[in-house]
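Take a look at the structure set out below.
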Amino acid sequence: MRGMILAAGRGRRMGGLTDDIPKPLLRVGGRYLIEYSLQALVNSGIKEIVINISYHRDQIKAALGNGQRFGANIHYSEEVTALETGGGVLQALPLLGDEPFIVLSSDIVCDYPLKNLPREPAGLAHLVVVENPDYHPVGDFCLQGDRLYLGDERRYTFGNIGVYRPELFANSTAGWFRLGDLIISQIRNQTITGELYQGFWQNIGNPQQLAELENNLTLFTSPLVGEVGAAGDG
């Protein structure tokens, strides 16, 4: 199984913090933000990792290199202009192969054990949802058993963690589109399963959330390895 980290966006809500560097290279706990997603994949046994890059993409390549110091083999999917989450995954499919693959966002820090994700999801995708954070109280999807559905009952927030079959993108057209829109269309078709995770999960979308993560890292339990903030390795 391979993994992908979404890292092409600028992170405009970070304001001046991302004027000169891409959001995935902001530091928290002495590490690049993207390192938390990268290590989560490696800790679960996934060593072949694709990262899509666009904004200040050369900085990300220089910072992470070929992934050797993390115990990974990094492949880069370069976007001339950012293709959003769905378009980015679609472009990267040749690097991800024919089997189901995991996709994470580079701005999520979570200690969910990725090895628990199904290697062969029952449908086209299997998603992890979390309790609604204060900034997103209405949530995204309802969950009954392992079935995600759209409704007015209690909703949960998509945690930006999931395993996808390449077939999910079979009817997608190359270019800019949101992965969330594709997910919603397939939830309506009852082809996506899910699970609730109630452990440590934090989204980093603005400077305040970055500061909150710095303060909350003592609650983060996943091990991190590799040199902190080292230069690229090729």
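The values are calculated or read from the model by the stated rules, or taken from the named source; none is laboratory data. This one's a predicted model, so the numbers in the text were calculated from it and none came from an experiment. Here the Cβ is made from the backbone with ideal geometry for all residues, glycine too, and neighbour counts use every protein chain on show. Remember, those area values only see protein heavy atoms, side chains included, never the ligands or the DNA or RNA. Shrake-Rupley method; radii C 1.70, N 1.55, O 1.52, S 1.80 Å.
For ILE51, what accessible area in Å² do you get when you roll a 1.4 Å probe over the heavy atoms of the protein chains, rounding to the nearest 10?
ILE51 has an accessible surface of roughly 0 Å² with all protein chains in place.
Give the residues of the range 19-61 whose amide nitrogen is closer than 17 Å to a point set 7 Å from the Cα of THR218 in the direction of its Cβ.
Within reach of a label on THR218: 29-30.
So, taking all protein chains as they sit and a 1.4 Å probe, how much accessible area belongs to VAL50, in Å² rounded to tens?
Accessible surface of VAL50 is approximately 0 Å².
Which lysines have a Cα lying under 26 Å from the Cα of LYS23, excluding residues fewer than 8 positions away in the same chain?
LYS47, LYS61
Name the residues whose placed amide hydrogens come within less than 5 Å of the amide hydrogen of ILE161, ignoring near sequence neighbours (fewer than 5 apart) on the same chain.
Residues meeting the amide H criterion: VAL128.
What are the trypsin sites (Lys or Arg not before Pro) within the range 127-156 that DSSP puts in a loop, where the Cβ has at most 13 other Cβ atoms within 10 Å?
Answer by residue number: ARG154.
If I take every Cα pair under 8 Å that is 6 or more residues apart in the chain, average their sequence separation and divide by the length, what percent do I get for the relative contact order?
The value is 27 percent.
Based on Cα coordinates alone, diagonalise the gyration tensor for the range 1-160, multiply each eigenvalue by 5, take square roots, and list the semi-axes in whole Å, largest first.
Three semi-axes, in Å: 26, 20, 15.
I'd like the Karplus ³J(HN,Hα) series for the range 154-162: coefficients 6.51, -1.76, 1.60, θ = phi - 60°, whole numbers in Hz, and an x wherever there's a Gly or Pro.
4, 10, 10, 9, 4, x, 6, 10, x
Along the charge dipole of the chain, which of HIS126, PRO94, ILE187 sits closest to the positive end, that is, farthest toward it, with unit charges on the beta carbon of Lys, Arg, Asp and Glu (+1, +1, -1, -1)?
PRO94
Using a/c under 1.5 as the rounded threshold, could you call the range 91-234 rounded, prolate or oblate? The axes a ≥ b ≥ c are square roots of the C-alpha gyration tensor eigenvalues, and prolate needs a/b larger than b/c, oblate otherwise.
It is oblate, given that a/c is not under 1.5 and a/b is not larger than b/c.
Please list, in order, the residues from the range 187-221 whose amide nitrogen is less than 12 Å from a point placed 7 Å along the Cα→Cβ vector of LEU150.
Under 12 Å, as judged by backbone N against the label point of LEU150, lie 187-190 of the range 187-221.
What are the residues whose amide H is under 5 Å from the amide H of GLY194, where those residues sit 5 or more places off or on another chain and H is modelled from the backbone?
LEU127, ARG147, LEU148
Determine how large the accessible area of THR81 is when every protein chain is in place; take a 1.4 Å probe and give Å² rounded to the nearest 10.
THR81 exposes around 90 Å² with every protein chain in place.
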